[in-house]
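Structure, as structure tokens:
Where a number appears in this text, it was derived from the coordinates with a stated rule and is not lab data. Being a predicted model, the structure only gives us computed values, none of them experimental. Cβ placement follows ideal geometry from the backbone for every residue including glycine, while neighbour counts extend to all protein chains displayed.
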Amino acid sequence: MEKTESKTNITRWVRPNILRMQPYSSAREEFKEFEKDYTFLDANENPFNTKVNRYPDPFQRKLKRLLSQQKDVQEDEILLGNGSDEVLDLIFRVFCEPAQDHIITLPPTYGMYKVLAETNNIVVREIPLTKDFQPNVSAILQSQTQNSKLLFICSPNNPTGNAIDERQIRELVEGFQGIVVIDEAYIDFSTTNSWVSRIGEYNNLIVTQTLSKAYGMAGIRLGICYASSEIIAFLNKIKPPYNINALTQEYAYEQLKDNSKVANAVDCIVSERDRMIAALQGLDTVEKIFPSNANFLLIRMDDAFRRYTELLECGIVVRNRSKLLNCENTLRITIGTPEENTKTIQVLYTLKR
Ligand SMILES: Cc1ncc(COP(=O)(O)O)c(C=O)c1O
């Protein structure tokens, strides 16, 4: 990409109050050698050892060191959040001026973009995905104005499951004058490549990932943001000082050290996804199974509301996505364990049209 002068200077996207403000400086930030044997009387902690009586590292350096090696990025190109939902909220608050800026989303997509926009008093411009759930690139680029601050691309997309075409993402990253956020919560299940390796190429690119899906750690709440060190510095400026608790930092570190379990789980989920597709394809009640690069299937049923209730009566909870744009009569079914999937297939086989 030819970087224009205006695109290379990221401060033009940052809210003026964020540019001006002084960040909070925590005790653990001012005195960084907290792993050494000092007498710590600087943070009003309880001195008696409970294993968690001390504040955690505000910059999660041990964890970031490991992630930076595994993802081949610099430590200062990583920000960690209390789930990727916190990361997304920080992005809104750094870049979007309430009651002035707007964001662009591509529905049907992950519902939190809109919720966070409304929380932050930011208008949402929706440019629907096409019938095959790909972005309408020319409509998106034509609709942008100088107040179009963020464009959210979810790939693979929730709830449709498909990955967004790489060439179209490139056109959007290169043609959009604001910041493009690629939400890669489901990337580990996808045959497409992550955009993390390209954050050095595009200074208007933010990629978010999470430990909640393939990594099997939804309960510890750890979301990851990859972007240029300039963008990460602004997000760090406003994040709550100790947003990643000590237990999460330690547990994530221990789990991430050995990635083989994740690869095994992903392989199993992907092959179970194929088994589900093959098993459900011919059913009378199933009209269409949308292609998936994620750990779930979006399925158009004959009557999604009725099938949802019937599954529930058999103890199986799925998500009825029928109210979303272009998702009439659909259920979103997460791929479970082989036993859970077999049970779901068996129940669906018993349903009469
Ligand atoms: C596309 C997408 N992004 C982000 C999230 C939130 O992830 P986290 O658990 O890291 O907050 C989800 C959760 O379902 C999701 O589907």
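Of note:
- Three semi-axes of the equivalent ellipsoid, region 261-350, Cα gyration tensor, whole Å, largest first: 21, 15, 12
- Residues with amide H under 5 Å from that of Leu351, placed H, sequence gap 5 or more: none
- From phi via Karplus (6.51, -1.76, 1.60), per-residue ³J(HN,Hα) for region 146-159 in Hz, x at Gly/Pro: 5, 9, 7, 8, 10, 10, 9, 10, 9, 9, x, 8, 9, x
- Between the C-alpha center of region 258-326 and that of region 111-166 there is a gap of 24 Å.
- Coil-residue trypsin sites (Lys or Arg not before Pro) of region 8-100, DSSP, other Cβ within 10 Å capped at 16: Lys32, Lys36, Lys51, Arg54
- Hull volume in cubic angstrom per residue (convex hull over the Cα atoms of the chain): 154
- 21 Å Cα-Cα threshold exceeded, pairs from Lys64/Lys239; Lys62/Lys239; Lys36/Lys62; Lys149/Lys237: none
- Fraction of C-alpha pairs exceeding 15 angstrom in region 22-105: 72 percent, rounded to a whole number.
- Whole-Å semi-axes of the ellipsoid equivalent to region 191-336 (Cα gyration tensor, √5λ, descending): 35, 18, 17
- Converting phi to 3J(HN,Hα) with the Karplus coefficients 6.51, -1.76 and 1.60 and the offset θ = phi - 60°, region 191-201 yields 7, 8, 7, 6, 8, 4, 5, 10, 5, x, 7 Hz in sequence order, with x at every glycine or proline.
- Computed over the chain, the per-residue total of -39500 (n - 2.57) for DSSP H runs of n ≥ 4 gives a 222 nm mean residue ellipticity of -10500 deg cm²/dmol, rounded to 500.
- Note on the chain: with charges restricted to the Cβ of Lys and Arg (+1) and Asp and Glu (-1), its dipole about the Cα centre is near 460 debye.
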